[in-house]
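Undergrad: First, the structure itself, so that you have it in front of you.
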Amino acid sequence: MNNLYVTGIQHLGIPSNNMKETLEFYKKLGFQVMYQTINADERVAFLQLENLIVETYENGQATLQAGAVDHIALDSSNIEKSYQEVQKLGFAIVGDIEFLPFWENGVRFFKIQGPNGEIVEFCQRL
C-alpha cells in the first residue's frame, strides 16, 4: 500500500444548527472545548474526549438525522506528499490544499470524496 503520510484520525466534522446546544451536549458527555473561533461567519469549536476530537461548526445546514457527520479528517505528517499520493491513486479531489488560521499556527488541508459521497479530509496542524 502507498504511504499517504497518515498518522491517525484528526477529527470528525459535525455541522450544527445551534452551537450552544451542541457544546452543552458534548460537554455532558465529558468532552472539553479545546479551541473556538469564527471562520467565514461560522462559529467553530473543537472538542476533545481522550483521543477523539469533534469539530463542530454552526452553519445552519445540519441534516438533523442519521448520517449527519459531514467528514472524517486524517492527520497528515506532510500535506503536500499526501496530496501527491492521493493524485497518483486517482481519487476524486475536492479542491486544492487550503489554509485556515486554526490552533496555534494554522492548519493546511485538502479533501477527497469517497464512494458513498463522504468527505475524507487530510489535515496537517502546523
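The values are calculated or read from the model by the stated rules, or taken from the named source; none is laboratory data. Because the structure is predicted, anything quoted here is derived from the model rather than measured. Methodologically, a virtual Cβ is constructed for each residue, glycine included, from the backbone with ideal geometry; neighbour enumeration extends over all protein chains shown.
Undergrad: Among the listed residues D70, D96, D41, identify the single one that is among the charged types (D, E, K, R) and touching a residue at least 40 places away in the same chain (Cβ under 8 Å).
TA: D70
Undergrad: A follow-up question, please. With surrounded by fewer than 18 Cβ atoms within 10 Å (Cβ to Cβ) and in contact with a Pro (Cβ under 8 Å, 6 or more places away or on another chain) as the only criterion, which of Q61, Q36, Q32 stands out?
TA: Q61
One line per residue, one yes/no per condition, for (1) surrounded by fewer than 17 Cβ atoms within 10 Å (Cβ to Cβ); (2) modelled with pLDDT under 95; (3) over 14 Å from the mean Cα position of the chain (by Cα); (4) β-branched (V, I, T):
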residue	(1), (2), (3), (4)
V86	no, yes, yes, yes
L89	yes, yes, yes, no
A92	yes, yes, yes, no
F99	yes, no, no, no
W103	yes, yes, no, no
G114	yes, yes, yes, no
E118	yes, yes, no, no
F122	no, yes, no, no
L126	yes, yes, yes, no
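Undergrad: Also, quick follow-up: Hey, M19 hits all of (1) surrounded by fewer than 12 Cβ atoms within 10 Å (Cβ to Cβ); (2) in contact (Cβ under 8 Å) with a residue 12 or more places away in the chain but one; which does it fall short on?
TA: The one condition M19 does not meet is (1).
Undergrad: Given the conditions (1) more than 24 Å from F31 (Cβ to Cβ); (2) in contact (Cβ under 8 Å) with a residue 60 or more places away in the chain; (3) in a strand (DSSP E or B); (4) not aliphatic (A, V, I, L, M), report the number of the one that D75 does not fulfil.
TA: The single condition D75 does not satisfy is (1).
Undergrad: For F91, only one of the following conditions fails: (1) aromatic (F, W, Y); (2) free of Cβ contacts under 8 Å to residues at least 24 places away in the same chain; (3) closer than 25 Å to M19 by Cβ. What is its number?
TA: The one condition F91 does not meet is (3).
Undergrad: Continuing with this model, one more query. What single numbered condition from (1) of a type outside the set (K, R); (2) assigned to a helix (DSSP H, G or I); (3) farther than 14 Å from I112 by Cα fails to hold for Q87?
TA: Among (1) of a type outside the set (K, R); (2) assigned to a helix (DSSP H, G or I); (3) farther than 14 Å from I112 by Cα, Q87 violates only (3).
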